[in-house]
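Heads up, the thing below is written out as structure tokens.
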Amino acid sequence: MKVIVIGAGWAGCAAGISAKKAGAEVEIFEKTDMVLGLGNVGGIMRNNGRFTATEELIALGGGDLFNITDNNSRHKNINFPGHEHAWLYDVNKIEPKVKSYLESLNIKVNLIKRVIDVRKTKNKIEGIYLSDGTFVGGDVFVETTGSTGPMGNCLRYGNGCSMCILRCPSFGPRVSISSRAGVDDLQGEREDGSLGAFSGSCKLAKDSLSEEIVNELNCKGVVVLKIPTEDINLDKLKLKVCQQYALKEFAENVVLLDTGHAKLMTTFYPLEKLRKIKGLENAKFIDPYAGGKGNSIRYLSVAPRTDDMKVKGIDNLFCAGEKGGLFVGHTEAICTGSLAGHNAVRYSHCMPMLILPREIAIGDIITYANYMMLSNEGRKKRYTFAGAIYFERMKKEGLYTTDVDAIKNKINKLKLSDILNKKLA
Ligand SMILES: Cc1cc2nc3c(=O)[nH]c(=O)nc-3n(C[C@H](O)[C@H](O)[C@H](O)COP(=O)(O)OP(=O)(O)OC[C@H]3O[C@@H](n4cnc5c(N)ncnc54)[C@H](O)[C@@H]3O)c2cc1C
């Protein structure tokens, strides 16, 4: 029984691992030359409700990738405006670690292999076509192609190609596989009803910053610098994907985090204005390269799905990460990916699907984001354990805790301990 995963971001890697642990042969196809997708430029873990979700997934038996991010953290338990107990993994070290872990599990990772179409009989996919014409057959498919780009979307809904980590001009555009299979994509909206949203952070080369800032970053993990009054732009917060950072503090200050590079917590920032700030006189963008002008456009490609992460209308296609909802974050991608990969194997054994209960944050966000997708208002929101509307909900519903034993006990009481670690018959 073979599970094919399309897209090797955090969601695809997690899906591959859980499908493998459940007993499948797994092949992953990724269009670029690296696994992790946007995970190569992020780094923030365990902030706010993500701590709870991380520990829930560990108790469910799906903690493999969190072990890697935890072990490659540059800073643990740091606070920055609106965010507590964040861990920051090193974006320059994480990718090879994840790739070798996948390979150690005998998961076949195919890089520079872009999937462009599917072959289907009735509602069942038989296999995928790669851009070089190759056909690869499989039994169950998990689509984790994300929602970033392609370039046309960044041109139409953004400020042009920002030259982001996905490098569409070289590796080819993202393809919505569910759409190729005949299922229309849903789209996220901005407050004014326009489509998509700008990615919410950039990276500056640390070597281009003052010694004082670099020392503080290395030591504390975070540096907050005041923006000159004439350059404060509160409206820019509305453009952001990451509504958890759409706080006044992020408009009035430059917030830098140490993820190996200096992560600048804003969508884009004109270089000339940035260089007015003390210590940033020589600042240089290295992700996206055009971070002085724009950022990548996301959330134009969400597959309609059920709460087991199966795509509606196709029998053997599952989805996760940004493809599976208006989710923001590595943790969100890993949690949904783990469930999608596991259920792909259940499907092929004709077993009942695993739907995580709403008593835990992971189960709740999966159902809640799906329900919210039905309304216009809901499509203007993004869903993350780290803040905005969903973290508020977590607190209100009593789902947020940093008590690891309480999380383990809850999962145990629900008879779900280690469920993602077990091989299915
Ligand atoms: C600049 C930036 C900073 C961020 N910082 C953070 C952070 O600090 N913390 C956090 O939690 N989240 C952060 N995020 C958000 C987070 O990175 C994403 O929400 C999450 O990683 C999405 O994972 P994914 O697997 O769903 O999608 P992606 O990471 O987009 O992965 C999709 C993969 O599919 C591949 N693909 C697409 N089409 C095809 C095809 N046809 N064939 C084969 N492969 C294909 C792509 O190349 C890509 O590798 C950040 C995002 C950005 C852009």
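The values are calculated or read from the model by the stated rules, or taken from the named source; none is laboratory data. Bear in mind the structure is a predicted one, so any value in this text is a computation, not a measurement. Counting neighbours? That spans all protein chains shown, and the Cβs are built from the backbone with ideal geometry, glycine included. The protein model used for the area step is the full one, side chains on, heavy atoms only, and it has no ligands, DNA or RNA in it. Shrake-Rupley method; radii C 1.70, N 1.55, O 1.52, S 1.80 Å.
So the values come out like this:
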| read-out | value |
| --- | --- |
| Qualifying position, being exposed (fewer than 13 other Cβ atoms within 10 Å of the Cβ), at pLDDT 95 or above and farther than 20 Å from Lys323 by Cα, among Lys396, Lys410 | Lys396 |
| Selection status of Gly127, out of contact with any His (no Cβ under 7 Å at 6 or more places or on another chain), open to solvent by less than 20 Å² (accessible area, probe 1.4 Å) and either near the ligand (Cβ under 9 Å from one of its atoms) or hydrophobic (A, V, I, L, M, F, W, C) (or both) | no |
| Positions within region 260-282 being under 23 Å from Lys93 (Cβ atoms) and either more than 13 Å from the ligand (Cβ to nearest atom) or out of contact with any Phe, Trp or Tyr (no Cβ under 7 Å at 6 or more places or on another chain) (or both), in sequence order | Gly260, His261, Ala262, Lys263, Leu264 |
| Gly49 vs. criteria under 19 Å from Met265 (Cβ atoms) and within 8 Å of the ligand (Cβ to nearest atom) | no |
| 2 or more residues under 23 Å from the mean Cα position of the chain (by Cα): qualifying strands (runs of 3 or more DSSP E) within region 199-302 | 202-204, 253-258, 262-264, 285-287 |
| Residue tally, condition within 13 Å of the ligand (Cβ to nearest atom), in a loop (DSSP other than H, G, I, E, B) and open to solvent by 10 Å² or more (accessible area, probe 1.4 Å), over region 303-333 | 1 |
| Of all residues making up region 92-103, the number that are open to solvent by 10 Å² or more (accessible area, probe 1.4 Å) and not charged (D, E, K, R) | 4 |
| Matching residues, region 160-184, being closer than 19 Å to Gly9 by Cα and either of a type outside the set (Gly, Ala, Ser) or away from the ligand (no atom under 14 Å from the Cβ) (or both) | Met163, Cys164, Ile165, Leu166, Arg167, Cys168, Pro169, Phe171, Pro173, Arg174, Val175, Ile177 |
